[in-house]
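Participant: After the structure tokens below, expect a handful of questions from me.
The values are calculated or read from the model by the stated rules, or taken from the named source; none is laboratory data. Since this is a predicted model, take the numbers as computed values, not measurements. No Cβ is skipped: glycine too gets one built from the backbone with ideal geometry, and neighbour counts run over all protein chains shown.
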């Protein structure tokens, strides 16, 4: 089946309610959600017991998920409008480019999800620390600025850095601020470490798309570094935080968990070295799962 026939078949499959729901699920990219779940849950574990509230914990997770879905919708919309997405796209089918959702529908969905993030964030700000105003505003700019606007920061190779900042220190320390819990050295270290494997998800995505991105003027970090150096970057983002976490745990069963994570990192890197083009697509979900696994490891290390 040709690319045009494939797009037509996808367009036709979105005619009914089930097809529309499937299109929205596709645009939301549920496989990427572990990227935010792990850091936010880690933040809740690090909240001091006297400050912890279940309502705040739930709203932190809802806000984080809403922002992650908003990022996915915004990328689908803005890459479609800018012409980055073409028929030779190697990644999962985009809802707008395939014709399953219109630009107007995606824009409306993006506004709705951002409204959920804003409302939950406002509650957290009112009942938490004033610094959440700044973090919330920065998160909104990060969501819209990756592929939107006149000068998207993805074009400057900053995507991985921004992902690390918001899925690492901001997610963890923001959770503590939402509860009004003191910021500890443990929390700072946890925030720095947990965001690194999440940034590796972006590396896989941009490695796969480096040629089509560069053609469209979207000079992501892998488009600038090339495959060889990007593989080293991925190895650092997945392996270095595991090595740094080694002294944090004690006890036989905790070491067993650590060994499992090390093996997972080695297998993930081996798979990346052997994959190219569309074969990298399954690695997106695998890397997201690895990021969640590493977050669980840190939860165990810091809570016991």
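Participant: Given 240, 233, 266, which one is modelled with pLDDT of 90 or more and under 30 Å from residue 81 (Cβ atoms)?
Facilitator: Matching residue, one of 240, 233, 266: 233.
Participant: So, in segment 191-211, exactly how many residues are over 16 Å from the mean Cα position of the chain (by Cα) and modelled with pLDDT of 95 or more?
Facilitator: 0
Participant: Test residue 217 against the stated conditions and say whether it is surrounded by fewer than 23 Cβ atoms within 10 Å (Cβ to Cβ) and in a loop (DSSP other than H, G, I, E, B).
Facilitator: yes
Participant: For segment 1-67, please list each of the helices (runs of 4 or more DSSP H) lying entirely inside it that holds at least 2 residues being at pLDDT 95 or above and in contact with a helix residue (DSSP H, G or I) (Cβ under 9 Å, 6 or more places away or on another chain).
Facilitator: The qualifying helices (runs of 4 or more DSSP H) are 34-46.
Participant: Report whether or not residue 162 is in a helix (DSSP H, G or I) and in contact (Cβ under 8 Å) with a residue 60 or more places away in the chain.
Facilitator: no
Participant: Then there is this: Please identify the pairs in which a residue from segment 135-148 that is touching a residue at least 24 places away in the same chain (Cβ under 8 Å) has its Cβ atom under 7 Å from the Cβ atom of a residue that is not in a helix (DSSP H, G or I), counting only partners at least 6 apart or on another chain.
Facilitator: Matching pairs, first to second residue: 146/152.
Participant: I've got another one for you. When you go through 191, 174, 195, 149 one by one, which is the residue that is assigned to a loop (DSSP other than H, G, I, E, B), out of contact with any strand residue (DSSP E or B) (no Cβ under 8 Å at 6 or more places or on another chain) and more than 16 Å from residue 223 (Cα to Cα)?
Facilitator: Matching residue, one of 191, 174, 195, 149: 149.
Participant: To continue, here is another question. Checking the structure you have, find out if any residue of segment 124-134 is within 28 Å of residue 206 (Cβ to Cβ) and either touching a residue at least 24 places away in the same chain (Cβ under 8 Å) or crowded, with 21+ Cβ neighbours inside 10 Å (or both).
Facilitator: No, every residue in segment 124-134 fails to be within 28 Å of residue 206 (Cβ to Cβ) and either touching a residue at least 24 places away in the same chain (Cβ under 8 Å) or crowded, with 21+ Cβ neighbours inside 10 Å (or both).
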